[in-house]
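Asker: Can you read through this structure? Questions will come right after.
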Amino acid sequence: MMGEETQSLHLDEGLSVKEEELGQAEGMMNQVEDEQPEEVEEEDEEDEETLPHSEFLDIFEEGLARLVQDPLLCDRPIQVTLEEVNSQVALEYGQAMTVRVCKADGEVMPIVVVQNAMVLDLKKAIQRFMELKQQREGGVKHVSWRYVWRTFHLIFQGEKLDDDKIKLKDYGIRNRDEVTFMKRLRKK
């Protein structure tokens with residue numbers, strides 16, 4: 001029995017210690033709240049300028065237009081995305097390369113990929129490039145890329161880029177090299 005009494009005593013002491021710690025913590029929080037002047041909250045509300053959404057967009061577009069006038073970004077459209085800006089910066093620092101993808105109609109798409117990109121990365125970059133182009137021109141809303149990659153393939157110097165997991169540099173593709181986007185021939 002004596003052992004049971006000491007356990008309950010220790011439990012009660014443990015509870016009382018926790019209650020005291022909780023009370024001290026609440027007291028400290030109340031003290032911190034009392035020390036903060038109410039004027040700070042009012043000043044923050046007064047300092048914030050509330051702009052209508054349309055004015056904010058105008059200011060943002062003006063800044064973006066100035067940014068796009070930079071020689072590094074001058075060939076980018078006004079509706080440039082953050083991804084496109086990051087790609088251009090990576091190109092300038094030598095962390096990325098441009099692969100020129102030639103379509104059958106003669107159009108050349110400058111696709112930016114990182115230096116150690118794989119064929120799959122190039123395909124995804126082509127998809128992003130085409131989707132952005134379609135959004136800006138108001139073209140087709142949806143493209144089945146699964147169908148596209150089943151019916152077309154990429155060719156570099158007569159070699160098909162079949163394996164998505166092989167790096168572009170293993171195929172010998174370097175900065176500003178041309179890759180052809182060609183329709184697959186049907187087997188009969």
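Asker: Sort 51-57, 120-126 by the packing proxy (mean of other Cβ within 10 Å over each peptide's residues), most packed first.
Answerer: 120-126, 51-57
Asker: At 7 Å along the Cα-to-beta-carbon direction for both Lys167 and Asp121, put a label point, then send me their distance in nm to one decimal.
Answerer: Here the answer is 0.9 nm between the modelled labels.
Asker: At 1.4 Å probe size, with the rest of the protein present, what percent of the exposed accessible area of segment 52-145 is carbon and sulfur atoms?
Answerer: Roughly 57 percent, rounded to a whole number.
Asker: Per residue, how big is the convex hull of segment 70-132 when only Cα atoms are used? Give it in Å³.
Answerer: 94 Å³
The values are calculated or read from the model by the stated rules, or taken from the named source; none is laboratory data. Here the structure is a predicted model, which means the values were calculated and not measured. All Cβ positions, even for glycine, are placed from backbone atoms using ideal geometry, and neighbour counts span all protein chains on display. We work out accessible area using only protein heavy atoms, side chains counted, and drop any ligands, DNA or RNA first. Shrake-Rupley method; radii C 1.70, N 1.55, O 1.52, S 1.80 Å.
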